[in-house]
Amino acid sequence: QLLVSNYSLMFRHQSSPGVQIRLDYCLTHPSQARQFFVAVNSLSLDQSNCHPRARLLSCILLSDSELGYQHQPVLTEQDLLAIQSPDYCRNLFRTSILIKVVQERNTVAYHFKSVTDVNRFLFNKSSSSSIRSLGQLRDNVVPKKMVPDKEGFYRLFSAERKISPKFGDKHKFKIKPRMKYYGDGFFLLFSNKFDLFKFLVCEDAGDIEHLQFDETKIDKYEGQTEQIGEKLISMSNKIDNCKEKRYEAGYAKDYLQGETGVSDQKKYKSCEGDGVCKAQMDDCPVE
């Protein structure tokens, strides 16, 4: 806090209270963002020298669009399937962040309190180092979809020796041993995706050491290309309409000046990363 007071800020956001805190800072000038980034990393190195096994601070430098505050704090099931990896987190989405699970038509979505909370979640859970914030996710994600098995169930897999039947009764899933030639473990069978995604972020699921999607039932989302095309066409039409209205109102000169000044006015954000290493390890143990 004392360090950032030496810089000119556009805004500052903090994640919800917890053992791990994320601070997102938007600095007015790119040069200041780079200076702040270097200064914070110097603090992190000092901490590492004092405590070699404890890294208390992480810092990343992002553009304003990559940070993602232009987007709603929502992750769809396609987003969640795209960021997860069984090699990165033993328990996929175990987290202390408050998440509301909602059904939107045929899609399940996680609603967060703020974009800062989304960024903290992605920092801990995304298997790709290029997708650690909401803006990066929107620019780079390759959406996937979950498909049911032959009996119509959506499946999770756990390598635990035993899953308590009371969890199944409470959270509406069946427990089925995996076939011997696949190895030990259990399938958790859900009749719908809403119950599955709701279970993934509940307290009971957090008590399970190993919990994954069934990778054989995750496919690429082929409908995405068509949707992106439709969105781009819609955006293009809106831009054209906006241009026409501004010309009609007699602001053609102002419009042209605004267009030529865009590159000089671009702002950057410095993102001070998530705090306590122990919390990251508890949230997302790596195999």
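The values are calculated or read from the model by the stated rules, or taken from the named source; none is laboratory data. Just so you know, these numbers come straight off a predicted model, no measurement behind them. Don't worry about glycine lacking a Cβ; one is built from the backbone with ideal geometry, like all the others, and counts go over all protein chains shown. Areas reflect the complete protein model, heavy atoms only, side chains present, ligands, DNA and RNA absent. Shrake-Rupley method; radii C 1.70, N 1.55, O 1.52, S 1.80 Å.
Only a single item in (1) assigned to a loop (DSSP other than H, G, I, E, B); (2) within 12 Å of the chain's Cα centre (by Cα) is not met by Thr116, and it is number (1). Taking every residue in the range 100-120 that is under 17 Å from Met146 (Cβ atoms) and pairing it with any residue that is open to solvent by less than 20 Å² (accessible area, probe 1.4 Å) and in a loop (DSSP other than H, G, I, E, B), at least 6 positions away or on another chain, the pairs with Cβ-Cβ distances below 9 Å are Tyr110/Phe93. Filtering the range 98-107 to residues that are closer than 13 Å to Asn192 by Cβ and modelled with pLDDT of 95 or more leaves only Val101.
Would you confirm whether or not the range 62-75 contains a residue that is small (Gly, Ala, Ser), under 25 Å from Ser158 (Cα atoms) and either free of Cβ contacts under 8 Å to residues at least 60 places away in the same chain or open to solvent by less than 10 Å² (accessible area, probe 1.4 Å) (or both)? No, the conditions are met nowhere in the range 62-75. Taken over the range 136-178, the criterion of being open to solvent by 100 Å² or more (accessible area, probe 1.4 Å) and either assigned to a loop (DSSP other than H, G, I, E, B) or out of contact with any strand residue (DSSP E or B) (no Cβ under 6 Å at 6 or more places or on another chain) (or both) is satisfied by Asp139, Lys150, Glu151, Arg161, Lys162, Lys166, Asp169, Lys170, Lys172.
State all residues of the range 209-219 that are closer than 23 Å to Glu151 by Cβ and in contact (Cβ under 8 Å) with a residue 40 or more places away in the chain; if no residue qualifies, say none. If the condition is that a residue be closer than 23 Å to Glu151 by Cβ and in contact (Cβ under 8 Å) with a residue 40 or more places away in the chain, then Leu211, Gln212, Phe213, Asp214, Glu215, Lys217, Ile218, Asp219 are the ones that fit.
Exactly one residue out of Asp207, Asp184, Asp240, Asp254 is under 18 Å from Asn91 (Cα atoms) and modelled with pLDDT under 85: that is Asp184. Here Ser8 passes the criteria (1) open to solvent by 40 Å² or more (accessible area, probe 1.4 Å); (2) modelled with pLDDT of 85 or more except the one numbered (2). Just one of the numbered conditions (1) in a helix (DSSP H, G or I); (2) within 26 Å of Ala205 (Cβ to Cβ) is not true of Tyr110: (1). In the set (1) hydrophobic (A, V, I, L, M, F, W, C); (2) open to solvent by 40 Å² or more (accessible area, probe 1.4 Å); (3) within 16 Å of Glu66 (Cβ to Cβ), Leu27 fails one condition alone, (2). Taken together, the residues in the range 122-135 that are closer than 10 Å to Pro73 by Cβ and either in contact with a Ser or Thr (Cβ under 6 Å, 6 or more places away or on another chain) or surrounded by fewer than 20 Cβ atoms within 10 Å (Cβ to Cβ) (or both) amount to 0. Taken as a whole, the condition of being under 28 Å from Leu62 (Cβ atoms) and touching a residue at least 60 places away in the same chain (Cβ under 8 Å) does not apply to Asn140.
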